[in-house]
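The values are calculated or read from the model by the stated rules, or taken from the named source; none is laboratory data. What you see is a predicted model, and the numbers here were worked out from it, not measured in a lab. Neighbour counts run over all protein chains shown; Cβ positions are idealised from the backbone, glycine included.
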């Protein structure tokens, strides 16, 4: 039995909210059908798979980097920090770590590699993508309860036309990434 840890993030592109990351360990012989990059799944399918992953993973964890960390570090470094935090929350040790993309978080582990499109190719990375996306979406839905005028539950902080129009009407709150150009432009 080989334990593969997949790591991925969700929320690099939005103008608002933290960036989330997840680490999921699967036994390499275990199969969950329909796993894919979370962005390629319907919300209903993501939520169904999210429950299956939580029950069947050898271990999983998620974490985030805050808006202030994103603004201080930049979104790439904040994403890697969220990945590191997620990995460090795991209670089991994998045999290998595969990270989606081109960059590797600074974790104390030797057998780690990055792989572009790993969220489409490696089940544990697909699972991490799903966990990170669902957890971030849940955060944005909770934020929407406090700030319903921004309709965060719909666009999840992404720079849609509606969202940009709502920012112009209601202003920039502390959950906005002020280092991101559309927000920065509105401030200026």
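Restricted to region 164-183, and to residues that are in contact with a strand residue (DSSP E or B) (Cβ under 8 Å, 6 or more places away or on another chain) and part of a helix (DSSP H, G or I), which residue is farthest from residue 70 (Cα to Cα)?
Restricting to residues being in contact with a strand residue (DSSP E or B) (Cβ under 8 Å, 6 or more places away or on another chain) and part of a helix (DSSP H, G or I), the top hit is 167.
Looking at the structure I just gave you, is residue 20 modelled with pLDDT of 95 or more, buried (at least 23 other Cβ atoms within 10 Å of the Cβ) and on the phi < 0 side of the Ramachandran plot?
yes
Looking at (1) part of a helix (DSSP H, G or I); (2) under 26 Å from residue 30 (Cβ atoms); (3) in contact with a helix residue (DSSP H, G or I) (Cβ under 8 Å, 6 or more places away or on another chain), which one does residue 87 not meet, given that it meets all the others?
It fails just one condition, (3).
Look through region 1-13, keep the residues that are in contact with a helix residue (DSSP H, G or I) (Cβ under 8 Å, 6 or more places away or on another chain) and on the phi < 0 side of the Ramachandran plot, and return whichever of them is surrounded by the most Cβ atoms within 10 Å (Cβ to Cβ).
To start, the set of residues in region 1-13 that are in contact with a helix residue (DSSP H, G or I) (Cβ under 8 Å, 6 or more places away or on another chain) comprises 4-12.
Still in the running and on the phi < 0 side of the Ramachandran plot: 4-10, 12.
Working: 4: 20, 5: 31, 6: 30, 7: 33, 8: 31, 9: 30, 10: 29, 12: 14.
Checking each candidate, the answer is 7.
Which residues, taken from region 115-147, are over 21 Å from residue 57 (Cβ atoms), surrounded by 14 or more Cβ atoms within 10 Å (Cβ to Cβ) and within 16 Å of the chain's Cα centre (by Cα)?
Scanning region 115-147 gives a single hit, 140.
List the pairs whose first member sits in region 21-45 and is free of Cβ contacts under 8 Å to residues at least 12 places away in the same chain, whose second member is part of a loop (DSSP other than H, G, I, E, B), and whose Cβ atoms are under 9 Å apart, counting only residues at least 6 apart or on separate chains?
Pairs that qualify, where the first residue is free of Cβ contacts under 8 Å to residues at least 12 places away in the same chain and the partner is part of a loop (DSSP other than H, G, I, E, B), are 45/34; 45/36.
Would you pick out the residues in region 90-103 that are surrounded by fewer than 23 Cβ atoms within 10 Å (Cβ to Cβ) and out of contact with any helix residue (DSSP H, G or I) (no Cβ under 8 Å at 6 or more places or on another chain)?
Selection gives 90, 91, 92, 93, 95, 96, 102.
Filter region 33-60 down to residues that are surrounded by 17 or more Cβ atoms within 10 Å (Cβ to Cβ) and part of a loop (DSSP other than H, G, I, E, B), then give me how many there are.
Total satisfying the criteria: 6.
I need the full set of residues from region 105-133 which are in contact with a helix residue (DSSP H, G or I) (Cβ under 8 Å, 6 or more places away or on another chain) and over 17 Å from residue 79 (Cβ atoms), in order please.
Listed by number, the residues that qualify are 109, 120, 126, 127.
Test of understanding: among 79, 63, 114, which residue is closer than 21 Å to residue 156 by Cα, in a strand (DSSP E or B), modelled with pLDDT of 95 or more and in contact with a strand residue (DSSP E or B) (Cβ under 8 Å, 6 or more places away or on another chain)? Break it down into steps so the answer makes sense when it comes.
On the way: 79 fails: in a strand (DSSP E or B); 114 fails: closer than 21 Å to residue 156 by Cα.
One residue alone meets the criteria, 63.
Take residue 153 and decide whether it is at pLDDT below 95 and closer than 26 Å to residue 164 by Cβ.
no
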